[in-house]
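One structure is given here, and the rest of the page talks about it.
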Amino acid sequence: MKLTVLGCYGPYPKASGACSGYLLQDEETKILIDCGNGVFSKLLNHCNDLSKLDAIFISHMHPDHMSDLMVMRYAIKIKQMFGRLEKPIPIYLPANPSEEYERIQYEGAFVRNIIHEGTEVNVNTIRVTFKKTDHPLECYAMAFEKDRKKFVYSGDTKYFDGFVDFVKGSNLLLCEANVLHKHMNENVPHLSGRQAAEIAVKADVQKMVLTHFLPEIAVADVVEEAKEVFPHILQPAEEGKCYFI
Ligand SMILES: [Zn+2]
Ligand SMILES: [Zn+2]
């Protein structure tokens, strides 16, 4: 599987950047994971033909993870009118907040599927499972597995018991690291670089990519504090860059 970073900032981007969005693909499958602001135009650089997009997974309904769905739905509908897209695109997302869940639909652009912790989805040969995280909105981490390879995306979360088990044995963990550890307090609904690295060590992860960067903090500082804890391959997410699983 190949992961392309489309956007890696949150909860707002830096200049010319985009918020959360990732394209996961293999020879036969293309999956969009999260669709924050700026992601749709970046997606078109890698998947201009939307009929090739098999599914969209949304971790939660904060705008930095879903706001470009509001324009992507117009593209889907208009491409259908021009005969360039036959079917609606399947999307998997939490049902809450219900106003947001209702708002994303537009003239049948999407086929909506609600995710829960026990949900299991197969997109061609890729199996997807979910773990509810600790975040102000209902949010899910996601595991994508194929041929004994495992890729986990954290979504947004605080540190919580049970996350390590879900991440266990990943070949690649794409983990949010929104702040430095010195900024942490109980009101921060995110992980620090150090916490992300602690999860990766406990879960015996092979490689880690950090993401969901706050534009006010230097990415190098987040990576440095994580590297002090995680002794294996660790990289920051970079827009346009590919990572292999
Ligand atoms: Zn976020
Ligand atoms: Zn969030």
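Structure notes:
- With respect to the conditions (1) more than 16 Å from ligand 1 (Cβ to nearest atom); (2) more than 26 Å from Tyr92 (Cα to Cα), Ile126 falls short on a single one, namely (2).
- Filtered residues of segment 147-158 (kept if surrounded by fewer than 17 Cβ atoms within 10 Å (Cβ to Cβ) and either aromatic (Phe, Trp, Tyr) or without any contact (Cβ under 8 Å) to a residue 24 or more places away in the chain (or both)): Asp147, Arg148
Okay, residues lined up against (1) touching a residue at least 60 places away in the same chain (Cβ under 8 Å); (2) open to solvent by less than 10 Å² (accessible area, probe 1.4 Å); (3) assigned to a helix (DSSP H, G or I):
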position	(1), (2), (3)
Lys14	yes, no, no
Leu24	yes, yes, no
Glu28	yes, no, no
Ile31	yes, yes, no
Cys35	no, yes, no
Lys42	yes, no, yes
Asn45	yes, no, yes
Ser51	no, no, yes
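- Out of Ala226, Ala196, sole residue that is in a helix (DSSP H, G or I), in contact with a Cys (Cβ under 7 Å, 6 or more places away or on another chain) and open to solvent by less than 60 Å² (accessible area, probe 1.4 Å): Ala196
- Segment 206-215, subset outside any strand (DSSP E or B) and touching a residue at least 40 places away in the same chain (Cβ under 8 Å), residue farthest from Val167 (Cα to Cα): Pro215
- Residues (assigned to a helix (DSSP H, G or I) and open to solvent by 10 Å² or more (accessible area, probe 1.4 Å)) located in segment 165-184: Asp165, Phe166, His181, Lys182, His183
- Hey, Gly169 away from ligand 2 (no atom under 16 Å from the Cβ) and on the phi > 0 side of the Ramachandran plot or not: yes
- The residue of segment 48-63 that is nearest to the chain's Cα centre (by Cα), among those that are of a type in the set (A, V, I, L, M, F, W, C) and more than 16 Å from ligand 2 (Cβ to nearest atom), is Ile56.
- Search result, residues across segment 82-94 that are farther than 15 Å from Asp34 by Cα and open to solvent by less than 40 Å² (accessible area, probe 1.4 Å): Leu85
- Qualifying residue in segment 73-81 (condition: in contact with an Asp or Glu (Cβ under 8 Å, 6 or more places away or on another chain) and open to solvent by less than 10 Å² (accessible area, probe 1.4 Å)): no
- Inside segment 112-146, residues that are within 16 Å of ligand 2 (Cβ to nearest atom), crowded, with 16+ Cβ neighbours inside 10 Å and over 16 Å from the mean Cα position of the chain (by Cα) make up a count of 0.
The values are calculated or read from the model by the stated rules, or taken from the named source; none is laboratory data. Please read all numbers here as calculations on a predicted model, not as lab measurements. Reconstructed Cβ throughout: ideal geometry from the backbone, glycine too, with neighbour counts over all protein chains shown. What goes into the accessible areas is simple: the full protein's heavy atoms, side chains included, and nothing from ligands, DNA or RNA. Shrake-Rupley method; radii C 1.70, N 1.55, O 1.52, S 1.80 Å.
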